[in-house]
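Comments concern the structure below.
The values are calculated or read from the model by the stated rules, or taken from the named source; none is laboratory data. Bear in mind that the values here come from a model prediction, so they are computed numbers and not experimental data. Neighbour counts run over all protein chains shown; Cβ positions are idealised from the backbone, glycine included.
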Amino acid sequence: MNKKRDPLASILEGKSPKDINELRTMLEEGMDAAGANDDLPVIGDFRSGIEIAKKDNRVLSTDIHSPQGEGPFPVLVYFHGGGWFAGSPKSHRKICHRFAEAGYLVFNVDYALAPENPFPEGFNDCMEAIRWVFKHCNEFGGDATRLSVGGDSAGGNLTAAAVAALTDDAEVNIQSILLIYAVVDFTGLVVAEGDQAEIRGIDLMSEMMISSYLGADRNRDLLLHPRISPIHAAEKFPPTHILCGTDDGLMASSKVLAQKLRESNIECEEFYYEGMPHGFLHFEEMFPEATQAIKRMTDFLARFS
């Protein structure tokens, strides 16, 4: 088949960002120019910047995407992608609207980004956000007994790591998770110190992306920690839906994770979309497979909510 152009790779084509802030700006401006949030679907209600907690120098907040109709609704906590240093609820607004269109009350969390807030700040935000949503979602029409968590790329990493860490938390009950071209094994990103880590479709320098999140003094023990590489806590996952494109460098680790889940007798559904690059859910006009992927995910969520 003829390979379709990779829109995320196109954003950075021929460019050499001098630092993480310039790379962040390139990605965010490129996503806007590519129309990732054009033609938003109709939903019941949308609220932005709902406060979860005040921090020393910032506010942890969430956007809320409400379905049409009367609740209580099943709930999805969503963590956006962006390499731990970029992305926002706005960059993933259309994806979250799609879940709301399908009947889910979506909490699209604005967690802390590196390098201003390196690990574990973003991870801690995600844990705190899940606890907050479980406690407060009924105030917005949600049903906490039907709560799932999902995320893409770096947000998938945070989803898996936070949910695994919350497994033994008696105050939170998570029914299922969505891992969308998720980074589940950091060791697969780092070829060698100073080399490039290729996630096909993004092609970021490992020093720039990973050092911003973990710091320059990372070591192999840190990379193997389940809060960094949640593949090492797979036995703690709830039922899991995994999706990835075949032109995404994260497909191999996604398949390894799926095998680990099966070995732990955890229900796992996995789909690998032929020819799809990293981030393809953003571009449904270019990739009809994105619509199919959303439908499969909402069908999966419905089985547990």
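Among the residues of the stretch 148-168, count how many are in contact with a strand residue (DSSP E or B) (Cβ under 8 Å, 6 or more places away or on another chain), more than 17 Å from TYR213 (Cβ to Cβ) and not in a strand (DSSP E or B).
Within the stretch 148-168, residues that are in contact with a strand residue (DSSP E or B) (Cβ under 8 Å, 6 or more places away or on another chain), more than 17 Å from TYR213 (Cβ to Cβ) and not in a strand (DSSP E or B) number 1.
Based on this model, can you work out whether ILE199 counts as of a type outside the set (Asp, Glu), at pLDDT below 95, outside any helix (DSSP H, G or I) and crowded, with 17+ Cβ neighbours inside 10 Å?
Here the answer is yes, as ILE199 does meet what is asked.
Only one of (1) over 26 Å from PHE287 (Cα atoms); (2) surrounded by fewer than 24 Cβ atoms within 10 Å (Cβ to Cβ); (3) under 16 Å from the mean Cα position of the chain (by Cα) is not met by PRO115, so which one is it?
(3)
Applying the selection to the stretch 210-248, what residues are more than 24 Å from GLY87 (Cα to Cα) and within 15 Å of the chain's Cα centre (by Cα)?
Residues satisfying the conditions do not exist here.
What residue, of GLY81, GLY71, is in contact with a Gly (Cβ under 9 Å, 6 or more places away or on another chain) and farther than 17 Å from ASP45 by Cβ?
Details: GLY71 fails: farther than 17 Å from ASP45 by Cβ.
It is GLY81.
With among the hydroxyl-bearing types (Ser, Thr, Tyr), modelled with pLDDT of 95 or more and out of contact with any Asp or Glu (no Cβ under 6 Å at 6 or more places or on another chain) as the only criterion, which of SER212, SER206, SER229, SER254 stands out?
Testing whether each residue is among the hydroxyl-bearing types (Ser, Thr, Tyr), modelled with pLDDT of 95 or more and out of contact with any Asp or Glu (no Cβ under 6 Å at 6 or more places or on another chain) leaves just SER254.
Can you tell me how many residues within the stretch 11-30 are under 17 Å from PHE287 (Cβ atoms) and modelled with pLDDT under 85?
Qualifying residue count, the stretch 11-30: 1.
Would you be able to tell me the number of residues in the stretch 253-305 that are acidic (Asp, Glu) and surrounded by 16 or more Cβ atoms within 10 Å (Cβ to Cβ)?
Qualifying residue count, the stretch 253-305: 4.
Residues are listed down the side, and each one gets a yes or a no for (1) within 21 Å of TYR78 (Cα to Cα); (2) under 17 Å from the mean Cα position of the chain (by Cα); (3) assigned to a helix (DSSP H, G or I):
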site: GLN259; (1), (2), (3): no, no, yes
site: ARG262; (1), (2), (3): no, no, yes
site: ASN265; (1), (2), (3): no, no, no
site: GLU270; (1), (2), (3): yes, yes, no
site: GLU285; (1), (2), (3): no, no, no
site: ALA290; (1), (2), (3): yes, yes, yes
site: ALA293; (1), (2), (3): yes, yes, yes
site: MET297; (1), (2), (3): yes, yes, yes
site: ARG303; (1), (2), (3): yes, no, yes
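What are the residues in the stretch 128-149 that are surrounded by 24 or more Cβ atoms within 10 Å (Cβ to Cβ) and touching a helix residue (DSSP H, G or I) at 6+ places or on another chain (Cβ under 8 Å), if any?
Correct list: ILE130, GLY142, LEU147, SER148, VAL149.
Condition check: in a helix (DSSP H, G or I) and either at pLDDT 90 or above or over 22 Å from MET26 (Cβ atoms) (or both). Does THR187 satisfy that? Let's see the steps before the verdict.
Details: in a helix (DSSP H, G or I): yes; either at pLDDT 90 or above or over 22 Å from MET26 (Cβ atoms) (or both): yes.
So THR187 fits the description; yes.
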